[in-house]
Amino acid sequence: MRKAEHQPAGVTGVPANSGIALRLDSVQKQYGSGPATLTALNNVSLALYQGSFTAIMGPSGSGKSTLLHLASGLDKPTRGSVHVGSTDISQLSGDRLTQFRRDHVGFIFQAYNLLPTLSVEQNITLPLILGGKSADNAWLEYLTNAVGIGALLNRRPAELSGGQQQRVAIARALISHPEVVFADEPTGALDSRSARAVLDLLWHLARELNQTIVMVTHDPVVAAASQRVIFLADGQLAGYRDGGTAAEISDFMTGLEA
Amino acid sequence: MKDQSASISTDGRKMIIKSGIRQHLGSFAGIFVSTLAAVILLTGLGVVLESGLRGGYDPVRYSAADVIVGGQQSSALPEDLAVVFPEQAALPQGAADSISALNNVAKVIPDFTIQLSDNGAAVTAHNWASTSITNQNLLSGKMPQQAGDVVVGASDPHAHLGDSLVLSHGGAPATYTVVGTASEPPSSSGSAPERQVFLSDEAAAALTGGDHDAKTLAVFAKDGVSAQTLAANIQTQAPGVDTYTGKDRGTAEFLDAGAGRGTLVAFGSSFGGTALLIALFLVAAALSLSLHQRQRDFALLRTIGSTPGQLRSLILGEVFVVSAAAGVIGVGPGYLLAQILKNVFSSNGLIPPGFAFTFSPWPGISAVVLVVLTVLVVANIVAARFSKVSPIQALTESSTTPAKLGTGRLITGIVLTGAGLLASASPLLLHGTAAIAAPAAAGLLLIVAVGLLGPKIAGAGVSMFGRLLRTSRTPGVVLAHANSTGNARRLAAAVVPLALGIGLGLVQLGTSAIVANEAQVQVQDGITANLLVTNPGFGFSAKAVESIKATSGVTVLNAVAVSGATIESIQFGDPSAEQYALQGIDPLTAPATMDLAVKMGSLADLQNPLTVALSTDVAQDAGAKLGDTVNVRLGDGTPIKAKLVATYGRGLGFGAVTVSNDLVRAHTNTGLDTQVLINVDPSKSDQVAAGLSNAGFVVGDPHTAAAQGAKTRSADSFASSLALFIILGYVGLAVVNTLVVATLERRREFALLRLIGSNVRQIYSMMAIEAVMIAILAAVLGVAVAFPALAGISFAVSGQPWPNLSSGTLVVIGVMSSLAVVAIGFATTLALRASPIAEIGSRE
Ligand SMILES: Nc1ncnc2c1ncn2[C@@H]1O[C@H](COP(=O)(O)OP(=O)(O)OP(=O)(O)O)[C@@H](O)[C@H]1O
Ligand SMILES: [Mg+2]
């Protein structure tokens, strides 16, 4: 049933028939005030199509995490607006924003994604539990099998490897059929082999489910697998590249960092 | 290689300890707070103890005398604390004469102090000769010589030279003529000045109880003779007296401070012990929580090659630094606490006003040493468990593993539980006061047992709760359920100390409530007279009793005098002395006015000389049967060998020792009766009551009579309530600290929840459920600990296994358990203040 709904889309290129999943208009983020004001993000505008897989790259401190926080509604822009689907989330606040995030946004952190006292299954269904909804068992089974943790549902996070923990985090980010899934260096805490495996999984799932994904990464090879790489430098957009090779991306990055 | 890993250099160790403490300030807060509070408590209690032994009064009226001589005020028992007599002891026959005859004595002046009243207001009378002790002079008129003469203070507001003044002694009025005025007495700092009058020496002696001799002599030395030399001289020349010199003279002047001293010593020593015991558990709880949070650090240290021994010495080093710092900081507030306790004690009459505390450095020093040592011993035990953990085990062992208890601890806990339950049940077999003592000790045994087994029991409780919560789908409940079953250790760390506090509180308050309640019931059931007449503060002289007896309509009169008696007996081969409330009754009229629930013998036999009746419990303790001879010391310490003529059941209400009224009054300071029970001709009841009220007496319903046996306990029970309050405060502080620390540690968890989409309300409701669970478990466990002991005591005292508790016990349960809710609520609010991304975000 689900599979029928989520026909794998083309690997490259943006489906012409899809709408905009995420739009940032002249977004600015400042920290602090007065002379100590730091502009972490300045005048960033971008739009991402539904089902697109986007990588964000840039030197350390360039504002990648800040961008993700604003785009996902975890933080509010100082200026500008953010739309997720057709909702202007910069206009939402308090419980309405929380609820919107719960239902329409998925997030995968670098580490500490899971609550230690909850079982794997509870961790995955946590957004549903919090929304007072019950999990669709077929969907849960599909997801957990897809990320390869179907046999670990009753374990606790401490009993999982780092790679397994990130797979659980992926399943949780997807459980509520979110508009966009954000991932901030989701494999930054893993060794390169398990990192590659987790990223492959994320990428294939996204394609299979036509899931919009925005991911911050430092790995040019990972970035090369995405449809579009957006580069940030000093809080500003520094360009983008569609379908570049790892070598090209790496070169561009070296240029930015110089 | 091996050599390198065997020892970390001292500098390196110091560095690791310092950074360890700095990085884990939160988790050390628990140890810091419980050590700090323990040192404050023990310093304060130490000062109280030392003051009981050495503090007291500066002499006021006796400050000019070199040596004060009194009768022997205590009987020293080998291997036991001295028993201090409640009434002033008599001087041996001829003591005054033999002291006067000493060649280094300048003068010997007898001192009499008598309580009179002027229209219900207190007036203190002394003999005229005592003015030369206090250096008071006659300012006008003449000194009192006749029985009806009185000299008043020059600034007396109510009486002037030539006036006639009506002063009552024990309710019997007498008219005096003011024949002179005297200068002001030496002023005392603490107490309010009392209205003072002087009678002739003969008149004063006539109003004194007993054999009308002075019980205190002020002795002045000849020039050049020191007070100490004179005192030593007196001791050899007039054996059987107590001498007081210097500051000690205050003890003789304020004899009622003696009881206060005993209270202070008991208070300081018994609650010092309890405080240390509690500190032990609290520090252990705080430490295992703290070490648990740092298991990963320890594992890392183990991985890079530290031995368990090194780890242990690191932990001990940290704990030493933290507890020593807390200890040093706690000393100052400890002395402050002592000062506060002193004020509370004196405003509640446990020590008379003006009683001075001794402030020496010793209580502070010993408190720090004792507490730090205790903490280190506990730390050594707790650290052993954590330091032995293998590196891999520590890295994988999650915070969700259930609490594991050592076999030794488990077995000790189980044995103590068994012993506690057995001791609670002992009243089924035992009788007498031992039947109260055993369950009271059982309470303590069970409390220690819970301290040992607590984490296991709390874990079981949590999983029981979990089963109740499991079916719910409400987000807060689901989360709380997962957290509690997944982290029983965290809950146990809060539940166990709270339960200990509740258990301790219930046993202490419950015991005194059960006894007080039973005493009141005994009085209510036991007084059968029509009317109860009292004269609060002033009592009844023989004359006053006669006038009541002569009142038309009074058919039967039983005057009751109250004091304290000491029963000396041989217990388990050792001499022992126990003090009990003593009542003196009219043996012939008593049966018509009071029902002591006589079990054997007859109260009428008390009219024979040297006879005594005892409550069945006390008779049993003393091992005495009807017709046996009992060694009794009366109020002033006079020993008599009395034949046991009756045993009765209502000792708690009326006093455990009963003798004839004359015998009691002959050995009290005042020689007065305390209350009068009368039966009246029913048709003249109102008339009698009105007449007695007019005479200044209080006429009441006999059922309102205060229980005599419980009276002496009321001061003790105030003291123990106060101590309880302090100790519960200590437990509360430590628990609040533990909960706040444990909750703040969950900031990241809260942040994650919020990022995933939980709102603040859901987090509050999750925490509220956890808090309520802690509160309920603590209450249930606390009650479970206290109940067997209380049931045992209740059975021993009243024959009812269901304890009759005061509302105070409910307050203890309520306050202690709501602490959990308040602390968690507060800490949750704090933990939620930071924005969730700042807390976790994706930067770590
Ligand atoms: N809460 C904050 N307060 C003040 N400044 C902040 C805050 N968060 C981020 N910054 C600053 O904003 C800038 C962008 O930070 P951001 O975390 O977005 O960088 P990044 O691109 O994710 O870097 P990295 O690759 O190292 O994770 C940095 O200069 C950072 O110091
Ligand atoms: Mg970042």
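The values are calculated or read from the model by the stated rules, or taken from the named source; none is laboratory data. What you see is a predicted model; the values in this text were computed from it and never measured. Neighbour counts are summed over all protein chains in view; Cβ atoms, including those assigned to glycine, are modelled from backbone coordinates with ideal geometry. Heads up: the accessible areas ignore ligands, DNA and RNA and are worked out on the full protein's heavy atoms, side chains in. Shrake-Rupley method; radii C 1.70, N 1.55, O 1.52, S 1.80 Å.
So the values come out like this:
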| read-out | value |
| --- | --- |
| Partners for B:K684 among aspartates and glutamates (Cα-Cα distance below 19 Å; same-chain residues under 8 apart left out) | B:E546, B:D701 |
| Gyration tensor verdict on chain B (Cα atoms; rounded if a/c is under 1.5, prolate if a/b is larger than b/c, oblate otherwise) | prolate |
| Computed E for B:S366/B:V760 - FRET, C-beta separation, R0 51 angstrom, nearest 0.05 | 0.55 |
| Pairwise label distance in nanometres, B:K222 with A:A197, each label 7 Å out on the Cα-Cβ vector | 10.9 nm |
| Angle between chain B longest axis and helix B:475-486 axis [Cα atoms, degrees, rounded to 10] | 90 degrees |
| Total lysine pairs under 26 Å (Cα atoms) in chain A, excluding pairs fewer than 8 apart on one chain | 4 |
| Nearest 10 degrees, 0 to 90: helix B:407-425 Cα axis against chain B principal axis | 30 degrees |
| Contact order normalised by residue count of region B:528-704, Cα under 8 Å, 6+ apart, percent | 37 percent |
| Virtual spin-label span in nm between B:M143 and B:F725, 7 Å along Cα→Cβ | 4.9 nm |
| Nitroxide proxy distance, nm - points 7 Å out along Cα→Cβ at A:L38 and B:R385 | 4.3 nm |
| In degrees, nearest ten, helix A:192-209 long axis to first principal axis of chain A (Cα) | 80 degrees |
| Per residue accessible area of chain B, 1.4 Å probe, in Å² | 42 Å² |
| Solvent exposure, largest accessible area first (probe 1.4 Å, DNA, RNA and ligands not counted), of A:I175, B:I436 | B:I436, A:I175 |
| Hypothetical label at B:S547: residues of region B:102-133 whose amide nitrogen lies under 17 Å (7 Å Cα-Cβ projection) | B:115-123 |
| Minimum 10 Å² accessible area buried by the other protein chains, region B:751-772 residues, probe 1.4 Å, relative to alone | B:L752, B:L753, B:R754, B:L755, B:I756, B:G757, B:S758, B:N759, B:R761, B:Q762 |
| Efficiency of FRET from Cβ geometry, B:E184 and B:V822, R₀ 60 Å, rounded to 0.05 | 0.65 |
| Total charge dipole magnitude, the protein assembly as shown, about the Cα centre, Cβ charges on Lys, Arg, Asp, Glu only, Debye to nearest 20 | 4500 debye |
| Dipole-positive endmost among B:V630, B:L45, B:N233 within chain B (Cβ charges, Cα centre) | B:L45 |
| Cα centroid separation, region B:229-292 to region B:595-640 (Å) | 32 Å |
| Ellipticity estimate at 222 nm from DSSP helix runs (n ≥ 4, -39,500 (n - 2.57)) divided over the protein assembly as shown, nearest 500 | -16500 deg cm²/dmol |
| The protein assembly as shown shape via C-alpha gyration tensor axes, a/c threshold 1.5 | prolate |
| Of all accessible heavy-atom area on region B:67-255, the percent that carbon and sulfur account for (1.4 Å) | 51 percent |
| Flagged links, alpha-carbon separation over 29 Å, of B:K215/B:K641; B:K142/B:K215; B:K215/B:K625; B:K215/B:K549 | B:K215/B:K625; B:K215/B:K549 |
| Within straight-line cross-link reach of B:K388, aspartates and glutamates at Cα separation under 18 Å, skipping those fewer than 8 residues along the same chain | B:D297, B:E318, B:E397 |
| For the pair B and A, total buried accessible area rounded to nearest 100 Å², probe 1.4 Å | 2600 Å² |
| Global geometry of region B:83-125, whether rounded, prolate or oblate, following the gyration tensor of its Cα atoms and the 1.5 cut on a/c | oblate |
| Span from the region B:435-482 Cα centroid across to the region A:132-153 one, whole angstrom | 35 Å |
| Dipole of the protein assembly as shown, positive end: most advanced residue of B:A784, A:H218, B:G649 [Cβ charges, Cα centre] | A:H218 |
